[in-house]
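Written below as structure tokens is the structure these notes are about.
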Amino acid sequence: MTSDFLKYQAQTSTHPLAMEVSHAKGSYIYDTTNKQYLDFVAGVSACPLGHNHPKVVSAIKEQLDKYMHVMVYGEYAQQPAVALSKLIASQLPEPFEKTYLTNSGTEAIEGALKLAKRATGRSEIIAANKAYHGNTMGSMSVMGFEERKQAFRPLLPNVRFIDFNNSAHLNQITEHTACVILETIQGGAGFIEPTNGYLEKVRTRCTQVGALLILDEIQPGIGRTGKLFGFENYNCTPDIIVTGKGLGGGMPIGAFTASSALMDLLQDNPKLGHITTFGGHPVIAASALATLKEIIESRLMQQALEKEALFRKLLVHPLISEIRGKGLMLALILPDAEKVNHLILTAQNQGLILFWLLFEPKAVRITPPLTISNSEITEGCQTILDILDQIIDD
């Protein structure tokens, strides 16, 4: 299968990990030799309830027996999408009322950027250096990492960049600014949390000049930080919230949510201001609804903070200079990229899945399912410590 994978399926890098997957369940992925791998990555935060969670699988199968795709987005009332949108609204403060469901996080970013331009009549967008919001052309335009986008220019014009957590840069947000788009916690940059009331200050500045604030919750959202949405930790309410990844429970989804006053602008002038064929797909919406209900109704969000404390207690080592992030969105910071590569690749050989971050070569991603057990955390952390000990001995 690996040879066909490399021959027929387009690749994103020259050296994919190329594990041949057989099946997955709970906190484990199994390869075609039936070797099990403890998953500390959860599909890059996309599987908050682990793999093949029974409630999610049941919801998918039940919906499959009813109907799949029947009409382009927004024309027919379909119970899974309606119930999901209603549940999202119930978990958010006013004035968040309406959600637009998309196929992916990057598509939701595109919709949010369009909505901000439509609402303000302005064109300037301000984003953060080392930001990552997806890889379509609009999302790439607000990516704060030139090396990854220079080959694809020209991109959207009139995009400016500020440093995350640098309050001195906020005067660059002016009456010409349509929106400021930020990750609530910077992901690709190394799981950088906002500090010193930074998001509050951005919120205040946006309000002063009439710019909209978009917060990208694609990674921090859906319970991973101990709150349903990461922004709830930082006393800041945006104008538009973008979600994805974990919302689908392992199925492809994205969403952007705002007030009715804002979202209704996509209905007219022009009509069909944002359209998609498969957004709100009933099977995917059913998976998302089951996922969101389980996270809200269980203790998983509270346990995310307890499990964070366990990770921090166990992962003490001379080669770990820092553990960044919040809840089960954590990054180990090692001395250099070489040691990061050695840890991730050796861990996979030993049955533990770790992963890289996009722009911080010294970081190791730890974003396990919220359902991971304390014993599984202990087991995986011991593997990490053993490998780091070997690095020192060598």
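Coordinate-derived values only; no laboratory data. Small disclaimer: the values here were computed from a predicted structure and weren't measured. Here Cβ is always computed from backbone atoms with ideal geometry, including for glycine, and neighbour counts include all displayed protein chains.
So here's what we get for this one:
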item	result
Of K25/K293; K55/K293; K307/K339, those spanning more than 18 Å from alpha-carbon to alpha-carbon	K25/K293; K307/K339
Cα gyration tensor shape for region 343-394, rounded if a/c is under 1.5, else prolate or oblate	oblate
Net length gained if the chain between E379 and Q267 were fully extended (0.36 nm per residue, minus Cα distance)	35.1 nm
nm² value of the averaged projected area, convex hull over the Cα atoms of the chain	19.8
Full-extension gain in nm, L6 to D389, via 0.36 nm per residue minus C-alpha separation	134.5 nm
Charged-residue dipole, Cβ positions (Lys, Arg, Asp, Glu), the chain about Cα centre, Debye nearest 20	660
Most positive-pole-ward Cα, T383, S373, I253, against dipole of the chain from beta carbon charges	I253
Neighbour cut-off at most 15 other Cβ (10 Å), DSSP loop, GluC sites (Glu not before Pro), region 146-175	E175
Per DSSP, loop chymotrypsin sites (Phe, Trp or Tyr not before Pro) in region 1-82 with at most 13 further Cβ within 10 Å	Y67, Y76
